[in-house]
Amino acid sequence: MSENLDIKRALSSCMKELLREKKFEDVTVAELCERSYISRRTFYRYFQDKFELLNFVHYDDFCRFFDDKSTPHALTILPLACEHLYQNREFYLQAFDVDGPGAFRDFCIDRLYIYLERDYGDALETDGERQFYISRILNAVFDSLQDWLRQEPCPPPEEYVAKALRSM
């Protein structure tokens, strides 16, 4: 079992390296296999395509911030997530630009929705209102994160988090 995870993580690491260098659409399975010293056959044993690998990268790399449903409040995730995004900025700037299956935006919104619904869902009367407002909030947060990471020079995460929390 751990060998499977080792292979997946080796491919994940290569994907992260390559996305620091180039756009996702320019990354090929052949290049991933060559860099990770894994055959194409082995790649396809674990992943259908590079989109599925990218989803694994997001899950394996970022879910530590989203999988603890006992987190006291949704806002407690923000400083941890921002520090991680900042430390891996080159990779996430490329990940932000991926559309379709493997989109980082969709990945984050799906996971954060649970927290916002838990923390603020009672304030809204209908499921439709809840879905509408929570989706708008998450899209605004995501756009703000993306704008922050694209700044040159990029302010440190604690500065961004303080500003973001003041604006809420």
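The values are calculated or read from the model by the stated rules, or taken from the named source; none is laboratory data. Please read these numbers as outputs of a predicted model, since none were measured by experiment. Every residue, glycine as well, gets a Cβ built from its backbone with ideal geometry; the counts of neighbours run over all protein chains shown. Note: accessible area is taken over every heavy atom of the protein model, side chains too, but ligands, DNA and RNA are not part of it. Shrake-Rupley method; radii C 1.70, N 1.55, O 1.52, S 1.80 Å.
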Regression test value, accessible area per residue of the chain, probe 1.4 Å, units Å², expected 58 Å²
Ignoring any ligand, DNA or RNA, what whole percent of the accessible area of the range 1-121 comes from carbon and sulfur when the probe is 1.4 angstrom?
51 percent
Candidate values (i) 44, 38, 26; (ii) 45, 36, 20; (iii) 52, 37, 26, label of the one derived for Cα extents along the principal axes in Å
(iii)
Where does the chain land at 222 nm, in deg cm²/dmol rounded to the nearest 500, when only DSSP H runs of n ≥ 4 count, each adding -39500 (n - 2.57), divided by all residues?
-22500 deg cm²/dmol
Pairwise label distance in nanometres, Asn139 with Thr126, each label 7 Å out on the Cα-Cβ vector:
1.9 nm
Result: in the chain the number of Lys pairs with C-alpha under 21 Å apart, spaced 8 or more or on different chains, is 7
Can you tell me the length gained on complete extension of the stretch Tyr46 to Glu152, counting 0.36 nm per residue apart and subtracting the Cα distance?
34.4 nm
Please give the contour-minus-distance gain from Glu25 to Thr76: 0.36 nm per residue of separation, less the Cα-Cα distance, rounded to one decimal in nm.
15.0 nm
In nm, to one decimal, how far is the modelled label at Leu165 from the one at Lys8, with both set 7 Å along Cα→Cβ?
3.4 nm
